[in-house]
Amino acid sequence: MIAVRTPAPPRGPVAGVDEAGRGPLAGPVVAAAVILDPARPIPGLRDSKALAEPARIRLAAEIRGQALAWAIGWSDAGEIDVLDILQATLLAMRRALQGLALAPGHVRVDGNRCPSVAMLGFPCSVEAIVGGDARIAEISAASILAKTSRDAWMTRAALIYPGYDFERHKGYPTPDHLRLLAARGPCSLHRQSFAPVRSLHAPS
(Lines give C-alpha, C1' and ligand atoms only; values in the text may rest on other atoms or scores of the structure.)
Protein backbone atom coordinates (compact mmCIF):
# COMPACT_ATOMS: atom_id res chain seq x y z
CA MET A 1 0.00 0.00 0.00
CA ILE A 2 2.95 2.34 0.35
CA ALA A 3 5.06 1.52 -2.71
CA VAL A 4 5.89 4.30 -5.14
CA ARG A 5 4.45 3.41 -8.51
CA THR A 6 6.26 3.90 -11.80
CA PRO A 7 4.46 6.71 -13.62
CA ALA A 8 2.70 5.88 -16.86
CA PRO A 9 1.59 8.28 -19.58
CA PRO A 10 -1.68 9.85 -18.42
CA ARG A 11 -4.80 8.37 -20.00
CA GLY A 12 -7.73 10.58 -19.23
CA PRO A 13 -7.98 13.28 -16.55
CA VAL A 14 -5.17 13.80 -14.06
CA ALA A 15 -6.01 14.07 -10.36
CA GLY A 16 -3.79 15.67 -7.75
CA VAL A 17 -3.86 14.36 -4.18
CA ASP A 18 -2.47 15.87 -0.98
CA GLU A 19 -3.17 15.80 2.74
CA ALA A 20 -3.29 18.09 5.75
CA GLY A 21 -3.02 17.21 9.40
CA ARG A 22 -0.33 14.57 9.82
CA GLY A 23 1.41 16.50 12.61
CA PRO A 24 -1.39 17.61 14.95
CA LEU A 25 -2.15 15.95 18.28
CA ALA A 26 -5.91 16.14 17.68
CA GLY A 27 -8.43 15.87 14.89
CA PRO A 28 -8.50 13.97 11.62
CA VAL A 29 -6.01 13.75 8.83
CA VAL A 30 -7.72 15.12 5.72
CA ALA A 31 -6.93 14.43 2.07
CA ALA A 32 -8.22 16.07 -1.07
CA ALA A 33 -8.31 14.90 -4.68
CA VAL A 34 -8.73 17.46 -7.45
CA ILE A 35 -9.11 17.26 -11.24
CA LEU A 36 -8.59 20.73 -12.68
CA ASP A 37 -10.19 22.02 -15.85
CA PRO A 38 -7.42 22.77 -18.40
CA ALA A 39 -9.72 25.34 -20.01
CA ARG A 40 -10.12 27.25 -16.74
CA PRO A 41 -6.68 27.70 -15.13
CA ILE A 42 -6.61 29.12 -11.62
CA PRO A 43 -3.79 31.66 -11.07
CA GLY A 44 -1.91 31.61 -7.79
CA LEU A 45 -2.04 27.90 -6.99
CA ARG A 46 0.82 26.79 -4.76
CA ASP A 47 1.54 24.78 -1.63
CA SER A 48 -1.07 25.77 0.96
CA LYS A 49 1.66 26.34 3.56
CA ALA A 50 3.06 29.15 1.38
CA LEU A 51 -0.27 31.01 1.34
CA ALA A 52 -1.84 33.32 3.89
CA GLU A 53 -5.20 32.16 5.21
CA PRO A 54 -7.30 34.68 3.20
CA ALA A 55 -5.61 33.57 -0.02
CA ARG A 56 -6.18 29.90 0.82
CA ILE A 57 -9.87 30.51 1.45
CA ARG A 58 -10.27 32.48 -1.78
CA LEU A 59 -8.45 29.88 -3.85
CA ALA A 60 -10.40 27.04 -2.24
CA ALA A 61 -13.64 28.66 -3.39
CA GLU A 62 -12.25 29.02 -6.92
CA ILE A 63 -11.13 25.40 -6.97
CA ARG A 64 -14.54 24.14 -5.87
CA GLY A 65 -16.23 26.31 -8.48
CA GLN A 66 -13.94 25.67 -11.43
CA ALA A 67 -12.44 22.18 -11.05
CA LEU A 68 -13.86 19.35 -13.13
CA ALA A 69 -14.09 17.28 -9.94
CA TRP A 70 -12.93 17.42 -6.34
CA ALA A 71 -13.49 15.37 -3.21
CA ILE A 72 -12.39 15.25 0.43
CA GLY A 73 -11.42 12.12 2.38
CA TRP A 74 -10.95 11.80 6.13
CA SER A 75 -9.40 9.50 8.68
CA ASP A 76 -10.31 10.31 12.28
CA ALA A 77 -8.27 10.16 15.45
CA GLY A 78 -9.48 6.66 16.30
CA GLU A 79 -8.38 5.31 12.93
CA ILE A 80 -5.05 7.09 13.27
CA ASP A 81 -4.48 5.39 16.64
CA VAL A 82 -5.30 1.95 15.20
CA LEU A 83 -3.59 2.20 11.82
CA ASP A 84 -0.75 4.70 12.50
CA ILE A 85 -0.60 8.11 10.86
CA LEU A 86 0.93 6.96 7.56
CA GLN A 87 -1.64 4.26 6.88
CA ALA A 88 -4.48 6.55 8.02
CA THR A 89 -3.22 9.21 5.60
CA LEU A 90 -3.16 6.75 2.71
CA LEU A 91 -6.68 5.64 3.66
CA ALA A 92 -7.90 9.25 3.59
CA MET A 93 -6.34 9.63 0.14
CA ARG A 94 -8.16 6.55 -1.13
CA ARG A 95 -11.43 7.91 0.24
CA ALA A 96 -10.84 11.20 -1.54
CA LEU A 97 -10.21 9.41 -4.84
CA GLN A 98 -13.31 7.28 -4.36
CA GLY A 99 -15.35 10.44 -3.87
CA LEU A 100 -14.48 11.97 -7.24
CA ALA A 101 -17.43 12.37 -9.59
CA LEU A 102 -15.07 12.01 -12.56
CA ALA A 103 -12.69 9.05 -12.78
CA PRO A 104 -9.05 10.06 -13.28
CA GLY A 105 -6.77 8.18 -15.63
CA HIS A 106 -3.67 9.16 -13.67
CA VAL A 107 -3.09 10.28 -10.06
CA ARG A 108 -0.24 12.46 -8.82
CA VAL A 109 0.34 12.34 -5.06
CA ASP A 110 2.47 14.74 -3.04
CA GLY A 111 5.30 13.03 -1.19
CA ASN A 112 7.05 9.70 -1.55
CA ARG A 113 4.20 7.26 -0.86
CA CYS A 114 1.12 6.38 -2.89
CA PRO A 115 -2.21 5.02 -1.71
CA SER A 116 -3.36 1.78 -3.25
CA VAL A 117 -5.46 2.34 -6.35
CA ALA A 118 -6.71 -1.25 -6.43
CA MET A 119 -10.50 -1.69 -6.38
CA LEU A 120 -11.26 2.03 -6.57
CA GLY A 121 -13.92 1.32 -9.16
CA PHE A 122 -11.86 2.73 -12.03
CA PRO A 123 -8.43 1.91 -13.49
CA CYS A 124 -5.68 4.51 -13.12
CA SER A 125 -1.94 4.86 -12.79
CA VAL A 126 -0.38 6.66 -9.84
CA GLU A 127 2.91 8.36 -9.01
CA ALA A 128 4.40 10.06 -5.97
CA ILE A 129 6.08 13.44 -6.47
CA VAL A 130 8.23 14.86 -3.68
CA GLY A 131 7.51 18.57 -3.40
CA GLY A 132 4.60 18.22 -5.80
CA ASP A 133 2.45 20.63 -3.81
CA ALA A 134 4.76 23.44 -4.90
CA ARG A 135 5.20 22.35 -8.53
CA ILE A 136 2.09 20.54 -9.79
CA ALA A 137 -1.11 22.59 -10.10
CA GLU A 138 -3.43 19.67 -9.35
CA ILE A 139 -1.51 18.81 -6.19
CA SER A 140 -1.37 22.46 -5.12
CA ALA A 141 -5.15 22.63 -5.47
CA ALA A 142 -5.53 19.46 -3.41
CA SER A 143 -3.21 20.90 -0.76
CA ILE A 144 -5.36 24.02 -0.49
CA LEU A 145 -8.64 22.10 -0.26
CA ALA A 146 -7.26 19.67 2.32
CA LYS A 147 -5.89 22.47 4.50
CA THR A 148 -8.96 24.72 4.36
CA SER A 149 -11.34 21.80 4.90
CA ARG A 150 -9.45 20.59 7.95
CA ASP A 151 -9.10 24.09 9.41
CA ALA A 152 -12.84 24.68 9.04
CA TRP A 153 -13.60 21.32 10.66
CA MET A 154 -11.35 22.07 13.64
CA THR A 155 -12.95 25.50 14.06
CA ARG A 156 -16.39 23.87 14.26
CA ALA A 157 -15.05 21.21 16.61
CA ALA A 158 -13.94 23.96 19.01
CA LEU A 159 -17.63 24.71 19.67
CA ILE A 160 -18.21 21.10 20.73
CA TYR A 161 -14.95 20.73 22.67
CA PRO A 162 -14.40 24.16 24.27
CA GLY A 163 -11.36 24.91 26.37
CA TYR A 164 -8.68 23.60 23.99
CA ASP A 165 -8.61 26.56 21.56
CA PHE A 166 -8.84 24.25 18.55
CA GLU A 167 -10.03 27.20 16.47
CA ARG A 168 -6.60 28.82 16.92
CA HIS A 169 -4.02 26.04 16.72
CA LYS A 170 -6.12 23.46 14.80
CA GLY A 171 -4.75 20.66 16.97
CA TYR A 172 -1.06 21.27 16.31
CA PRO A 173 1.33 20.95 19.28
CA THR A 174 1.73 24.65 20.01
CA PRO A 175 2.81 25.74 23.51
CA ASP A 176 -0.75 26.87 24.28
CA HIS A 177 -2.22 23.56 23.14
CA LEU A 178 0.28 21.58 25.20
CA ARG A 179 -0.51 23.73 28.24
CA LEU A 180 -4.27 23.23 27.86
CA LEU A 181 -3.81 19.52 27.18
CA ALA A 182 -1.80 19.10 30.40
CA ALA A 183 -4.33 21.11 32.41
CA ARG A 184 -7.54 19.54 31.06
CA GLY A 185 -6.42 16.14 29.84
CA PRO A 186 -7.20 14.82 26.36
CA CYS A 187 -10.64 14.80 24.78
CA SER A 188 -12.00 12.31 22.24
CA LEU A 189 -10.47 14.28 19.37
CA HIS A 190 -6.94 13.74 20.65
CA ARG A 191 -4.74 11.08 19.10
CA GLN A 192 -4.02 8.77 22.01
CA SER A 193 -1.06 7.13 20.25
CA PHE A 194 0.87 10.40 19.87
CA ALA A 195 3.55 10.82 22.53
CA PRO A 196 2.43 14.10 24.18
CA VAL A 197 -1.07 12.64 24.63
CA ARG A 198 0.05 9.14 25.53
CA SER A 199 2.41 10.49 28.19
CA LEU A 200 -0.57 11.87 30.14
CA HIS A 201 -1.74 8.30 30.72
CA ALA A 202 1.67 6.95 31.71
CA PRO A 203 2.22 5.97 35.37
CA SER A 204 4.10 8.65 37.29
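Mind checking whether some residue in the stretch 82-100 is at pLDDT 95 or above, under 16 Å from ALA15 (Cα atoms), surrounded by fewer than 16 Cβ atoms within 10 Å (Cβ to Cβ) and not hydrophobic (A, V, I, L, M, F, W, C)?
Yes.
Can you pull out the helices (runs of 4 or more DSSP H) entirely within the stretch 108-204 that have at least 2 residues that are under 28 Å from GLY16 (Cα atoms)? Please lay out each step first, then the result.
Working: elements: 132-135, 137-160, 166-169, 175-184, 195-198.
In the stretch 108-204, the matching helices (runs of 4 or more DSSP H) lie at 132-135, 137-160, 166-169.
Looking at (1) in a loop (DSSP other than H, G, I, E, B); (2) crowded, with 18+ Cβ neighbours inside 10 Å, which is the only condition GLY12 fails?
It fails just one condition, (2).
Name the pairs: first residue in the stretch 131-160 and on the phi > 0 side of the Ramachandran plot and modelled with pLDDT under 95, second residue part of a helix (DSSP H, G or I) and of a type in the set (Val, Ile, Thr), Cβ to Cβ under 6 Å, at least 6 apart or on different chains?
Hits for this filter: zero, empty list.
Quickly run through the stretch 28-44 and pick out the residues that are in a loop (DSSP other than H, G, I, E, B) and either surrounded by fewer than 24 Cβ atoms within 10 Å (Cβ to Cβ) or under 11 Å from the mean Cα position of the chain (by Cα) (or both).
Within the stretch 28-44, PRO28, ASP37, PRO38, ALA39, ARG40, PRO41, ILE42, PRO43, GLY44 meet the criteria.
Restricting to the stretch 54-78, give me the number of residues that are without any contact (Cβ under 8 Å) to a residue 40 or more places away in the chain and part of a helix (DSSP H, G or I).
Final tally of qualifying residues: 8.
Give all pairs with beta carbons closer than 8 Å in which a residue from the stretch 191-204 that is among the small types (Gly, Ala, Ser) meets a residue that is surrounded by 15 or more Cβ atoms within 10 Å (Cβ to Cβ) and at pLDDT 95 or above; count only pairs at least 6 apart in sequence or on separate chains.
Every condition considered, the pairs that remain are SER193/ILE80; SER193/ASP81.
From the list ILE144, ILE160, which residue is of a type in the set (Val, Ile, Thr) and either touching a helix residue (DSSP H, G or I) at 6+ places or on another chain (Cβ under 6 Å) or over 20 Å from SER75 (Cβ atoms) (or both)?
ILE144
To keep it simple, each residue is scored yes or no on (1) of a type outside the set (Val, Ile, Thr); (2) touching a Phe, Trp or Tyr at 6+ places or on another chain (Cβ under 7 Å); (3) under 30 Å from GLN192 (Cβ atoms).
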{"site": "ILE63", "(1), (2), (3)": "no, yes, no"}
{"site": "ALA67", "(1), (2), (3)": "yes, no, no"}
{"site": "LEU83", "(1), (2), (3)": "yes, no, yes"}
{"site": "GLN87", "(1), (2), (3)": "yes, no, yes"}
{"site": "ALA103", "(1), (2), (3)": "yes, yes, no"}
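The values are calculated or read from the model by the stated rules, or taken from the named source; none is laboratory data. Every value quoted in this text rests on a predicted model; they were computed, and no experiment measured them. With ideal geometry, Cβ positions are generated from the backbone for all residues, glycine too; neighbour counts draw on all protein chains shown.
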